[in-house]
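The next block holds one structure in the form of C-alpha cells; read it before the comments.
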Amino acid sequence: MFATFDVTSVVPPRPSGLPTVGEPLGWAVDFEAEVRCPARGRVALAVDAVVRRDGDAREVDYRLTQIHDGCGVDTRSSDHVVVSGAPRSSARLTVLHDDRGRTEWNGHAEGELVWSRGERSGRCAFDLTFTGHATDVTASASLVGSACGQPLRQTLALR
C-alpha cells in the first residue's frame, strides 16, 4: 500500500507536446515507477493515469500493476519477511489533489503474493478497499477487506 500511496501522491506531469498556453482540461499518461522496500528488494509499478482538472484541483484515475520483487520488511518481533509477486497485484484508485495541498485516495487493490519468513513460506491472496488523505503534516489511511484468508480492518496514521 505504501508503494501505491507513494507513486500517486503527486499529479503526473503533463506530457510534452500538449499546448503550453493555458493548461489543458486533462491528459492521460502511462509510466513505470519503482519503490524500494525498507529491508531490501523493490516494488515495480506500471501505471496508467487519466488526469482531469476542475478549477485548481486535479482528480487522477489510476490503474496500477504492482510486481513485488524480493521486497523485504523487518517486523516488530525482529523477523524478516520477504514478499514477491504471484505473479502480480493490481489496484484501481481515484486521487484528488486540491489547491490547499491536501491529497485524498479512494480505491481497491487485489492480488496474490508469495511470502517467506525464515523457513516458513506461503501464498497470500488479498482483496482490499482503501481510503486515505494527506496534508503537509499528517496522513492517514483506512483498509478494509481480507488478506491471507483473514478479515482485515486497519487504520494507519502518520504525523
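The values are calculated or read from the model by the stated rules, or taken from the named source; none is laboratory data. What you are looking at is a predicted structure, and each value in this text was computed from that prediction instead of being measured. Every residue, glycine as well, gets a Cβ built from its backbone with ideal geometry; the counts of neighbours run over all protein chains shown. Note: areas computed on protein heavy atoms with side chains; ligands, DNA, RNA excluded. Shrake-Rupley method; radii C 1.70, N 1.55, O 1.52, S 1.80 Å.
Pick from region 102-142 the residues that are charged (D, E, K, R) and under 17 Å from R63 (Cβ atoms): which of them is nearest to the chain's Cα centre (by Cα)? Going through the qualifying residues, I end up with E110.
Restricting attention to region 52-81, the residues that are crowded, with 19+ Cβ neighbours inside 10 Å and among the β-branched types (V, I, T) add up to 1.
Annotation: of all residues in region 24-51 being modelled with pLDDT under 85 and open to solvent by 70 Å² or more (accessible area, probe 1.4 Å), the one that is nearest to D99 (Cα to Cα) is L25.
Could you give me the residue pairs with C-beta distances under 7 Å whose first residue belongs to region 81-107 and is closer than 30 Å to E119 by Cβ, whose second residue is of a type in the set (K, R) wherever it lies, and which are 6+ apart or on separate chains? Going by the 7 Å Cβ cut-off, the qualifying pairs are V81/R117; A86/R123. Entry remark, region 107-139: residues being out of contact with any Lys or Arg (no Cβ under 9 Å at 6 or more places or on another chain), of a type in the set (S, T, N, Q) and more than 17 Å from G85 (Cα to Cα) number 2 in total. Filter region 95-109 for residues that are open to solvent by 70 Å² or more (accessible area, probe 1.4 Å) and in contact with a Ser or Thr (Cβ under 7 Å, 6 or more places away or on another chain); which is farthest from T129 (Cα to Cα)? Selected residue: R102.
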